[in-house]
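S.K.: I have a structure here, written as structure tokens, and I will follow up with some questions on it.
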Amino acid sequence: MNAAPDTSGQKAGLPTVVLIHGAFADASSWNGVIAHLKQRGYLVMAVANPLRSVQHDAAYARSILDSIDGPVVMAAHSYGGAVMTEAADGAANVKALVYVASISPEVGESVIDLVKKYPGSLIGTSIKTIPFRRDDGGTEMDQYIKPDKFQAAFAADVDPDVAGLMAVTQRPAADSAQTGSVTKVAWKTIPSWTLVTTQDQAIPPDLQRFMADRAKSTTVEIDASHAVAVSQPGPVADLIDTAARATAR
């Protein structure tokens with residue numbers, strides 16, 4: 001459950017920033033970005049993304065958006081971009097979308113569909129699966145990155161000790177999160193910004209560029225791995241700040 005936000009440090013006129021993490025991570029992956037944003041006076045909420053399915057996760061994120069008074073800027077990483085794309089559609093308070101080494105699907109597209117469009121991802125060969133029983137009695141697979149593959153595939157420019165901790169504390173994504181497609185596309189009506197990570201071994205940079213171009217997204221490129229929010233939180237915060245100020249009313 002996400003804690004109620006502390007508004008005491010929020011500067012007047014600034015939107016709330018809502019952060020959506022992706023698969024194989026948790027909300028703490030945004031810690032460095034949060035620190036930068038709070039120093040600038042932003043109220044920040046880092047959503048505990050359930051990683052169960054696009055529609056399930058988007059409904060959860062949308063409930064948080066609907067609870068926030070005033071304007072919101074959303075930022076998402078990796079699979080979190082699919083959740084954001086679905087959740088933000090029709091949300092009148094969301095003024096900007098920021099895709100950080102992220103997926104930005106079209107209707108009917110899934111994470112798996114998109115990653116297969118371009119070569120270069122190491123995720124597919126790095127996954128291990130563990131079965132779990134759903135509430136309806138069915139069985140599904142949870143996906144993890146094998147610990148010995150984690151740094152190369154996900155966090156190549158992160159300190160090895162930190163990457164090792166990330167590998168141990170990673171949160172799995174249900175198979176349906178990766179294979180499920182979006183039904184709504186917020187980037188068609190909400191302006192977007194994209195941070196392309198040129199050393200990404202999870203979501204190929206050319207795929208990130210393709211999606212950004214399709215969404216007519218304002219794009220910045222950075223020499224970083226997929227885990228850019230951990231390795232280079234300052235530039236991530238800069239882009240979120242740029243989006244917030246560009247869409248301020």
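The values are calculated or read from the model by the stated rules, or taken from the named source; none is laboratory data. Since the model is a prediction, treat every value here as computed from it, not as a measurement. So basically every Cβ, Gly included, is an ideal-geometry build from the backbone, and we count neighbours across all protein chains shown.
S.K.: Quick test for you: out of LYS128, LYS149, pick the one residue that is surrounded by fewer than 19 Cβ atoms within 10 Å (Cβ to Cβ), touching a residue at least 12 places away in the same chain (Cβ under 8 Å), of a type in the set (Lys, Arg) and touching a Lys or Arg at 6+ places or on another chain (Cβ under 8 Å).
M.R.: LYS128
S.K.: Just give me the residues in the range 204-249 being part of a loop (DSSP other than H, G, I, E, B), closer than 24 Å to SER126 by Cα, in contact with a strand residue (DSSP E or B) (Cβ under 6 Å, 6 or more places away or on another chain) and of a type in the set (A, V, I, L, M, F, W, C), in sequence order.
M.R.: ALA224
S.K.: Can you confirm whether the range 3-18 contains a residue that is of a type in the set (Gly, Ala, Ser) and surrounded by 22 or more Cβ atoms within 10 Å (Cβ to Cβ)?
M.R.: Checking the range 3-18: not a single residue is of a type in the set (Gly, Ala, Ser) and surrounded by 22 or more Cβ atoms within 10 Å (Cβ to Cβ).
S.K.: Could I ask something else about it? Which pairs do you get when a residue that is over 8 Å from HIS21 (Cα atoms), found in the range 45-58, comes within reach of a residue that is acidic (Asp, Glu) and assigned to a helix (DSSP H, G or I), reach meaning Cβ atoms under 9 angstrom, with the pair 6+ apart or on two chains?
M.R.: From residues that are over 8 Å from HIS21 (Cα atoms), the pairs are PRO50/ASP57; LEU51/ASP57; VAL54/GLU86; GLN55/GLU86; ASP57/GLU86; ALA58/GLU86.
S.K.: Exactly one condition in (1) within 16 Å of the chain's Cα centre (by Cα); (2) surrounded by fewer than 24 Cβ atoms within 10 Å (Cβ to Cβ) is not met by GLU221; state its number.
M.R.: Failing condition for GLU221: (1).
Table: residues versus (1) under 22 Å from VAL94 (Cα atoms); (2) buried (at least 17 other Cβ atoms within 10 Å of the Cβ); (3) touching a Lys or Arg at 6+ places or on another chain (Cβ under 7 Å); (4) modelled with pLDDT of 95 or more.
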site: THR183; (1), (2), (3), (4): yes, no, no, yes
site: ALA202; (1), (2), (3), (4): no, yes, no, yes
site: ASP206; (1), (2), (3), (4): no, no, no, yes
site: ARG209; (1), (2), (3), (4): no, yes, no, yes
site: SER225; (1), (2), (3), (4): no, yes, no, yes
